[in-house]
Amino acid sequence: MKTAKVLLVDDHDIVRAGFKQLLDSHPQIEIIAQANNSREAFNTYKKTSPDVVIMDLSMPSDADSPAASGAQGGIEAIQRIIEHDALAKVIVLTVWESNPYPKSLVKVGVKGYLTKRCAPEELVKAVLDVYLGGTHFSESIKAIINDGDDEEISPVKLLTKREFEIFTLLAEGQTATQIAESIYLSHKTVHAHRSNIMRKLSLSNNSEIVHLAIRHGVVLP
């Protein structure tokens, strides 16, 4: 078997160093690149075309400051990579193991999902399984994905705080100009956020924003 070339993405240097040492010690795995934020992950993927991406979720998003919390940065990177390359093989490696993340990201197209509590040998196995065209989900994640709960997970949970704020204002009927004035952002920035919202939620116009917001209880009908 050829060597699996891996892009490792995590915003903590010491964590990346540990995973790199573990994976590089395997004769059929090579870490060819690393990244520590959403934008760098996407740009590095385009430059290096790795066989497998190992992606943490907790990192700054393109829209937020480095102090931002939550899983948005990793989600953005995954979405952008898979939109760029539908054949991308992404393994999530994170502390986030409750919904909406596992089910939502499986729908997006990730090939593996592990928690950072997994054994070192499971991470190695996941890389090789995914590299060879399979999938690998930890047992706890499988239980969440296959729990039989058919309740729809609100896609708006994948928005950043700022995007959710703008999504709500748009759903209430405000224009981009009104939003820019009310929350002290430039008109250009509001439009950029609106474009990200439309892309993430697969929407095409303001009417669809309103319908989605009502459907998920963000605004009243």
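Of the residues Ser182, Ser195, Ser202, the single one that is farther than 18 Å from Glu76 by Cα and open to solvent by 50 Å² or more (accessible area, probe 1.4 Å) is Ser182.
Scanning the range 196-221 for residues that are over 22 Å from the mean Cα position of the chain (by Cα), assigned to a helix (DSSP H, G or I) and touching a residue at least 12 places away in the same chain (Cβ under 8 Å) gives Asn206, Val210, Ile214. Summed over the range 1-26, the residues that are free of Cβ contacts under 8 Å to residues at least 12 places away in the same chain and buried (at least 17 other Cβ atoms within 10 Å of the Cβ) give a count of 0. The condition (being farther than 25 Å from Leu87 by Cα, hydrophobic (A, V, I, L, M, F, W, C) and under 21 Å from the mean Cα position of the chain (by Cα)) is satisfied by just one residue among Ala171, Ala176, Ala143: Ala143. Checking each residue in the range 162-176 for being under 18 Å from Val210 (Cβ atoms) and assigned to a helix (DSSP H, G or I) picks out Glu163, Phe164, Glu165, Ile166, Phe167, Thr168, Leu169, Leu170, Ala171, Ala176. Each residue in the range 87-111 was checked for being in contact with a strand residue (DSSP E or B) (Cβ under 8 Å, 6 or more places away or on another chain) and more than 16 Å from Asp10 (Cα to Cα), and 10 pass.
Cβ-Cβ contacts under 6 Å between residues 6 or more apart (or on different chains), taken from a first residue in the range 71-89 that is closer than 19 Å to Phe137 by Cβ to a second residue that is open to solvent by less than 20 Å² (accessible area, probe 1.4 Å) and among the acidic types (Asp, Glu), are listed as Gly74/Asp56.
The values are calculated or read from the model by the stated rules, or taken from the named source; none is laboratory data. Everything quoted here is computed from the prediction, not taken from an experiment. Glycine also receives a Cβ, built like all others from the backbone with ideal geometry; neighbour counts cover every protein chain displayed. The area values use the complete protein model at the heavy-atom level, side chains included, leaving out ligands, DNA and RNA. Shrake-Rupley method; radii C 1.70, N 1.55, O 1.52, S 1.80 Å.
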